[in-house]
Structures are given as C-alpha cells and as structure tokens.
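Each remark here refers to the structure printed beneath this line.
The values are calculated or read from the model by the stated rules, or taken from the named source; none is laboratory data. Owing to the predicted nature of the structure, the values given are computational and were not obtained by experimental measurement. In this analysis, Cβ positions are derived from the backbone assuming ideal geometry, glycine residues included, and neighbour counts consider all displayed protein chains.
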C-alpha cells in the first residue's frame, strides 16, 4: 500500500483551478426556456426564438456558426469566454434530435445540428438507446451514453481534460445535474419577455435539493446575465 | 369650444415628472411570489418568508414597522426611495385579509396588518364586497373598491397627488394592472431560492398583452433588483 501525501495548499490550489460543470440557458421572465408547441421546424416552440435574439448578432456566436462579422462588447466577451472554457458538452436526447418524436431514437437520425454543428467539441448525449458515435465536421463528435448522467459526466470530464464541461440543455438535463448536486455553475440569461407557456426551466425540480448563491450579475441591453454557484 | 394650446416642451416636462403606477414584488428564481399551502398563520406559504429575508434587516423597512436600527446601503436606499415616492397603494383583497378563507370578505375583518400597518398612506382594496373605509393608526386608511381595477387606480391617483401609486400585491392584482396596460414599472426582487410550488407571479397572464423593457438592474448580496418599464 502506498500513501500519497498532499499538502492542504496543493489541494486548495487544485480546487481553485478545477474544471467545472456548468449549465447555461436563456429563460423568459416567466420562467420558460422554450415556448409552447415545439416541433421539428420550431424546436424552441412558439416565441422561443425571442429568448435567443440577444445572442444571434454577436461576433463570437456568428464565428461558431461559420459566419463573419457581428457585434463585440460585454455580451460577446461573455459568450466567447464560455465557448473558450468548455472542453466537452453533455446534452439531452431531445436537444440532439430537435425535439420529441418517433425520429428521436432512430439510429439513422443524424441530429438536428447539420453537418457542421456549432459545438466544436466532444458531445455526450444522454439516451436510453445505444448507438455508435457520430462524427461531424468541425470537431463535433456525438457519443451516446445510456448509463445515466454520472457516466456521461465522467466521459465528458475525461474528454475535456482540464477544461470545463457544459450541459448544453435542455431543461431536463440541466435539472438532473442540479438535483444530483453535480453542477457547479448555473448561468441564466434572463430575457424580458413573457412566453405564457412552454417548457419551464425548473418544472418539477426537487427544490429542497438545490441551494444557489449569486455569484455575478451582468446587465446588457435586452438581457440580464445571472450567474449562480450551486452549493453542495 | 375652447382650445388649449400646450407647448411640446410643457407636455414633455409633464410626462417626465408624471406620477407612475408601480408594482414591486419579491420572486424566487423559479417564479413564485409565495410558497405552497398559504394559511392565516403563514400567508406567504411554506418557505415564502425566504423571499423577503433581504428586506427585514434594512433600516428603512424597520423604520416603517416602528423598529429602530438596521442596515444601510444600496438596498436600504432603494427601499427608502420606493417608500418615499409612493402616495397611495392598491392591493388585492387577499393581501388585505391575509389569504383566502371565509374571513376574507367578512366586514368585521380588520385585515392582516394589525393596528399600525406599515403602509402609512391611503390603501385601496380591490374587492367584490362593499364596506365602509377602515382607518388605522399611522396614516393607513383602507378603502374598499368594488368597481374594478381602473376605478381603484383613479381613486388612488387622486389620493396620491403628484406621487406614485404602488400595487402592493398580490400577484393577481399586479397581473391585472399589467394586462390592462395601466402599469408603468414592474420591479422584481429576484431571490436565488427555488420554492418548487406556490403562487406564480405570471401564472395565467395574457403574455401577448405585455411588453417589457429592462430599465435597471442592481445586484445585491442575496437578491437582484430587476426594474422593467411596461411598454404600452
């Protein structure tokens, strides 16, 4: 048996730079992350696009989507930083497939994101249906994980190295990591619209299992970025 | 027929200082303004008190409740300013009576607020049951209005003079003024807790009738103050 001696300082330094699990999502003021009646044509539901209008014009977002130009400034820096810190992604199966339907678990389904998805990193998809990994252009590989949220996170952490792992959504995947006390940071982009219906971010969550602390608030035109630290 | 000539400057100056209708409320991150199972003993429902912890220690709040001392700083200034600007208050019947129940419309009900309520201004209560006004200590008079939200607002504006009118709650009263496009400012004190159930601020709102613009965001320890301008 060997014993490793680790000084408290070393542990503390390690914690300070430890890769995090983050979940970032745009939410309406009435708590929805997608509007009512989502479909393959409109995976964000009716009015759901309004939650993301703040991001579409940003240079960092456009670059990710193979487009030139765009706005710079605090919003752009925030989005750029969150892209830069992420080494791997976890997502729910509906986010991969573009909603619920008979197509969602069809192994021929190539996902909703086209040939050149904007993730540009390894993506681990939570699903109940095993299938082979799917390699796309631009650095995105979808790996399908059937062994649950902890297993998906473990694989994502291994792929991310010393970078963060990000839960890309949807609401259900984010909630599961929050309830399992695996999430480190929750970032809500709060948009001043009311959708009146759709998918609620916190619907059905076991509230007693979640404790949050405000860590940063950034006000921008048309959106407020709210960062919370999950207390474990 | 007489014609009044008003210069654009005069109109603009008048608008700049015109008394507003404001609605200010504390909300959990999952959208609740009261917890589940409200009762006379616990009118804010289970866990509902957590939404207001940020305010109880403030000097301005304590002074209003006849207490000395308390914290000063940005939160205190914000609360003090909102007290100072308000000349009259509108509230729903359940807010007056401390919840729903057989007592709510009993004309012998003196309300939930004791002999010396913290409002210190004329209060207009929305109700379907006519009754005589109720005068309390410290400047609070409850007047019961059966003719609807517009009539209550008209009476409150007359009482407020050049000061603002504030909707003190609950959620239903605030929603009615928002939907009727009578509200000028919505101020949400967003608290980083999840209640998991209770009364939702925007439940059942006709979202299509509401348009909001961010006007100010103030981050404080344990609460974020979000101000919105209602676009009419």
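What the table below lists for this structure:
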| quantity | calculated |
| --- | --- |
| Candidate set: the stretch A:204-215, residues that are more than 8 Å from chain B (Cβ to nearest Cβ) and either surrounded by 22 or more Cβ atoms within 10 Å (Cβ to Cβ) or modelled with pLDDT under 95 (or both); chosen: the one farthest from residue B:188 (Cα to Cα) | A:209 |
| For residue A:34: the one exception among (1) out of contact with any helix residue (DSSP H, G or I) (no Cβ under 6 Å at 6 or more places or on another chain); (2) closer than 25 Å to residue B:30 by Cβ | (1) |
| Residue tally, condition in a helix (DSSP H, G or I) and under 12 Å from the mean Cα position of the chain (by Cα), over the stretch A:75-95 | 3 |
| Inter-residue pairs, beta-carbon under 6 Å, first on the phi > 0 side of the Ramachandran plot and in the stretch B:21-35, second outside any loop (DSSP other than H, G, I, E, B), 6+ apart | B:31/B:200 |
| Residue tally, condition under 14 Å from residue A:202 (Cβ atoms) and part of a strand (DSSP E or B), over the stretch B:189-204 | 3 |
| Filter result for the condition that a residue is surrounded by 12 or more Cβ atoms within 10 Å (Cβ to Cβ), in contact with a helix residue (DSSP H, G or I) (Cβ under 9 Å, 6 or more places away or on another chain), outside any loop (DSSP other than H, G, I, E, B) and in contact (Cβ under 8 Å) with a residue 24 or more places away in the chain, over A:124, A:119 | A:124 |
| Residue satisfying condition, being modelled with pLDDT of 95 or more and more than 9 Å from every other protein chain (Cβ to nearest Cβ), within set B:175, B:200 | B:175 |
| Qualifying positions in the stretch B:216-232 - more than 7 Å from chain A (Cβ to nearest Cβ), assigned to a strand (DSSP E or B) and either farther than 24 Å from residue A:216 by Cβ or in contact (Cβ under 8 Å) with a residue 24 or more places away in the chain (or both) | B:218, B:220, B:223, B:225, B:227, B:229, B:230 |
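Matching residues to (1) buried (at least 21 other Cβ atoms within 10 Å of the Cβ); (2) within 19 Å of residue A:30 (Cα to Cα):
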site	(1), (2)
A:153	yes, no
A:156	yes, no
A:166	yes, no
A:169	yes, yes
A:173	yes, no
A:179	no, no
A:182	no, no
A:195	yes, yes
A:198	yes, yes
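Rundown of residues vs (1) touching a residue at least 24 places away in the same chain (Cβ under 8 Å); (2) within 22 Å of residue B:55 (Cα to Cα), yes/no style:
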residue	(1), (2)
B:96	yes, yes
B:115	no, yes
B:133	no, no
B:155	yes, no
